[in-house]
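So the structure is just underneath, and the comments pick up after that.
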Amino acid sequence: MISVIVGCDNNWVIGNGPDIPWHLPADFAYFKKTTMGHPVVMGRTTFESIGKPLPGRLNIVVTRDETYQADNVLVVNSVEAGIEHAKHEAEQNENEDVFILGGAQIYTYALENNLVDRAYVTHIDTEVEGDILFPGDLIEQWVKTSSVRREKDEKNTYDMEFAVYEKQVVVDGKQLSQKVEDRLETRVEKLMDKPSLGIYVVGDDKATEMYVKKKREFAERIGVNFYEFIFESDVTEQELLDHISRHQGNVDGIVVQLPLPKHINQETVCNAIPEGKDPDMLHTETMKRFTEGDMGLLPPVTSAIDEIIDTYNLDVQNKKVLVIGKGKLVGGPAIAYFKNRGAHVDAVDKSNTDFTKLAQAADIIVSGAGVSDLVTSDMVHPGVILFDGGTSGSSGSLRGDIDWECQDKARLFSRSPGGIGPLTVASLFKNFITLVEKK
């Protein structure tokens, strides 16, 4: 997590020439407590105004002067280099937080180039003369996730607000899916033989046709043979089982497109898929290993969530997670995934008519109930992370479980449609290629 930390007046003034326009022990104590033990990155002017390295922290100084030297600091020649060194140091100490201390040019560069995730801002309730400003306009659209006010006293001459802002992210599932696709295409090219995936489709449901088409097109793009075994809706369970048994040796992976007609036992059919050829992870034993902590393969929806968490470096451990719905594709796997990642998980389903308090307390919400706009803006707190895995028809269009107005409060929002959905297909093929590579 890359953060800036700054103190400013009501007009974003942070300095007047080399001088700080205030002396506030409470703000200094907050700065020390927040940054202690973390790498700090600052410009040369900021470092020289402090006069010495800050104790208890790796001090990284950014300057264009390649001959510049200072004792007990790391000198780098770009903000990016400073951040990379700081991230490496943080990871070595199992501490993901890095702080940028300024000055104004460093703040502006880091924010304009999308290098920062969080801003710690001490708002000092005054207006002072100054010629150095923090670029506050660059965080005006961020979500204020924390606010603590402190009244002035004999040692601190101004009222203050210690605020934390989080950058808002609306997940573009198609963009992330493309990155996964590019990686998979490279992996397929390295295989000795072109892999083959077989998919079983029963009936002629329009939604099913759309999902199968997406999988077919994805397979073609990454270089996978894609075989469709299509059956009428009145096919018997035994006929399906017999076909899977006869043809499982001809393909490297098997997918059963759900749902199946009511007269067919889905679990029985899915358990007919050999475990080593089950990229959808629908076999009972495959899912059992996952729920017991084997994270080698993830169910596709859960893998999509994991891809988002990894991309945006989200912290899951010890977070409060609410999972809405306990279904086989979204809710059930999500419960196991977050428990395996060390989160505190609450789960509700259709029998829970009021879960507002759980939602309001949650740091992360995952919904797979299939009920449009089930979660509304008044049910979430600022800075929440939202994963919408539900889809339902509403007024002729597809809607997710989580109302899009929640975006104004969310630190990160994977909306439906458009978020998890495109990634789920990519995740299915990620599992498939992993299984092929294991062989």
Exercise. Given labels modelled 7 Å from the Cα in the Cβ direction, how far is it in nm from TYR68 to ASP137?
Worked result: 2.7 nm
Exercise. At LYS288 and SER351, where each label point lies 7 Å from the Cα along Cα→Cβ, what is the point-to-point distance in nanometres?
Worked result: 2.4 nm
Exercise. Expressed as an acute angle from 0 to 90° and rounded to the nearest 10, what is the orientation of the C-alpha long axis of helix 237-247 relative to the principal long axis of the chain?
Worked result: 80 degrees
Exercise. Taking the Cβ of CYS270 as the center, what net charge do the other residues with Cβ under 9 Å away carry, scoring Lys and Arg +1 and Asp and Glu -1?
Worked result: -3
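Just subtract the alpha-carbon distance of LEU258 and GLU189 from 0.36 nm times their residue separation and send over the number in nm, one decimal.
Using 0.36 nm per residue and subtracting the Cα-Cα distance, I get 21.9 nm.
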Exercise. What aspartates and glutamates could a cross-link reach from LYS213, if we take a straight Cα to Cα line under 13 Å and drop same-chain neighbours fewer than 8 places away?
Worked result: ASP204, ASP205, GLU228
Seminar exercise, completed: Distance in nm between ASN114 and SER377 label points, each 7 Å along Cα→Cβ, equals 2.5 nm
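Could you tell me the calculated FRET efficiency between ASP182 and LYS155, based on Cβ-Cβ distance and R0 = 45 angstrom, to the nearest 0.05? Show your work: numbers first, answer last.
Values: r = 57 Å, r/R0 = 1.26.
Approximately 0.20, to the nearest 0.05.
Using a Förster distance of 30 Å, how high is the FRET efficiency between GLU84 and SER49, based on the Cβ-Cβ distance and rounded to 0.05? List each step's numbers first, then the result.
Working: r = 25 Å, r/R0 = 0.82.
After rounding to 0.05, the efficiency reads 0.75.
Would you order VAL201, VAL321 from fewest to most other beta-carbon atoms within 10 Å of each residue's own beta-carbon?
Details: VAL201 18, VAL321 23.
With the fewest neighbours first, VAL201, VAL321 line up as VAL201, VAL321.
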Exercise. What is the sum of charges around LYS326, taking Lys and Arg as +1, Asp and Glu as -1, for the other residues whose C-beta is under 12 Å from the C-beta of LYS326?
Worked result: 0
Exercise. Along region 403-416, what does the Karplus equation 6.51 cos²θ - 1.76 cosθ + 1.60 (θ = phi - 60°) give for ³J(HN,Hα), rounded to whole Hz, x for Gly and Pro?
Worked result: 4, 5, 5, 5, 4, 5, 9, 7, 6, 9, 9, 9, 7, 10
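Rounded to the nearest 500 deg cm²/dmol, what is the calculated helix-only ellipticity per residue at 222 nm for the chain, with -39500 (n - 2.57) per DSSP H run of length n ≥ 4?
Working: 13 runs with 146 residues, N = 439.
About -10000 deg cm²/dmol.
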Seminar exercise, completed: Per the charge dipole of region 21-109 (beta-carbon charges, Lys/Arg positive, Asp/Glu negative, Cα centre), the residue among ILE106, HIS85, PHE31 reaching farthest to the positive end is PHE31
Exercise. Between VAL188, VAL330, VAL164, which gets the highest mean-square fluctuation from a Gaussian network model of the chain, Cα cutoff 10 Å?
Worked result: VAL188
Seminar exercise, completed: Options [x] 1.10; [y] 0.92; [z] 1.18 for Cα Rg over 2.2 N^0.38 Å; the value derived from the coordinates is listed as [z]
For this session: Sort LYS438, LYS320 so that the residue with the fewest other Cβ atoms within 10 Å of its own Cβ comes first and the one with the most comes last.
Result: LYS438, LYS320
Problem set entry | In sequence order, calculated HN-Hα J values of region 360-371 (Karplus, 6.51, -1.76, 1.60; Hz; x Gly/Pro) | 5, 8, 7, 7, 9, 10, 10, 10, x, 7, x, 10
Exercise. Say the dipole of the chain comes from +1 at the beta carbon of Lys and Arg and -1 at that of Asp and Glu; which of TRP22, VAL256, ILE222 then lies farthest toward its positive end?
Worked result: VAL256
Seminar exercise, completed: To the nearest 0.05, the calculated FRET efficiency linking ASN93 and ASP408 through their beta-carbon distance, R0 being 25 Å, is 0.10
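Antiparallel DSSP bridges in the chain: what percent, to the nearest 5? Numbers along the way, then the final one.
Numbers: 20 of 69 bridges.
Counting only bridges with both partners in the chain, antiparallel ones make up about 30 percent.
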Exercise. How far is helix 331-340 tilted, in degrees, relative to the longest principal axis of the Cα atoms in the chain, given as a value from 0 to 90 rounded to the nearest 10?
Worked result: 50 degrees
For this session: Post the alpha-carbon centroid distance, region 126-183 to region 92-107, in whole angstrom.
Result: 14 Å
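If you take every residue apart from GLU209 with its C-beta less than 14 Å away from the C-beta of GLU209, what net charge results, scoring Lys and Arg +1 and Asp and Glu -1? List each step's numbers first, then the result.
On the way: positive: LYS206, LYS213, LYS214, LYS215, ARG216; negative: ASP204, ASP205, GLU217, GLU228.
Local charge sum for GLU209: +1.
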Problem set entry | ARG289, ARG57 arranged by Cβ crowding within 10 Å, fewest neighbours leading | ARG289, ARG57
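Bear in mind that the values in this text are calculations on the coordinates, not laboratory data. Here the structure is a predicted model, which means the values were calculated and not measured. Neighbour counts are summed over all protein chains in view; Cβ atoms, including those assigned to glycine, are modelled from backbone coordinates with ideal geometry.
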